[in-house]
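One structure below.
Readers should treat all values here as calculations from the given coordinates under stated rules, not as data from a laboratory. Here the structure is a predicted model, which means the values were calculated and not measured. Heads up, the Cβs are rebuilt from the backbone with ideal geometry, glycines too, and the neighbour counts pull from every protein chain shown.
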Amino acid sequence: MSWCWLVRTDAVPEGAVAAAELSSGGHLSALAADRPAPSGKRKIDARALNSEGEPALASLVLPPDGLTITFDDLAVSGAMRAALAAPWPHVLSTLVVDSSRFAGALTAVRNGDRGRLEADPFARIFPAEIVEIGPGLLGRTPAPTGPVIQRYGGGNPWPWDRF
């Protein structure tokens, strides 16, 4: 599984691999994972990104910088189960700081289904902001197969595309 840093900034950082303007101001940008960790370090599944991606409406769940909880926390596993049971959005990725720490989530739709975003189960953990994300950042994540809330070998989640 590949990851990229996801940062929210006033301007697009130099070297961003994808970036888009937010309706609430500023930019959401992806940086290569081999770069030094940016302020507020969070990683996103690289499959959620596409530098030629279309605009989308998104629920952006971001805890305060430095605040994370483990993926094994009942709140996180419950939110993941609820997200898997809901109609699959165009983009869904948890945000991580390492292999075992939950640091937010990004859920996006392109069909205007604001209700799907207002019911974001990850917003039960940390506050969510519903924002319009401009073109140039988001791709599409496939619906997962297999037990994606389980892990094997400690920090290794089951692959989404096979079981």
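A few points about this structure:
- Full extension of the chain segment joining SER100 with ALA32 gains 22.5 nm, where the gain is 0.36 nm per residue of separation less the Cα-Cα distance.
- Gyration tensor (Cα) of segment 3-141, equivalent ellipsoid semi-axes in angstrom: 21, 18, 13
- About its Cα centre, the dipole of segment 3-141 is roughly 280 debye, where the only charges are +1 on Lys and Arg Cβ and -1 on Asp and Glu Cβ.
- Entry note, the chain: relative contact order of 28 percent, from Cα contacts under 8 Å with a spacing of 6+ residues.
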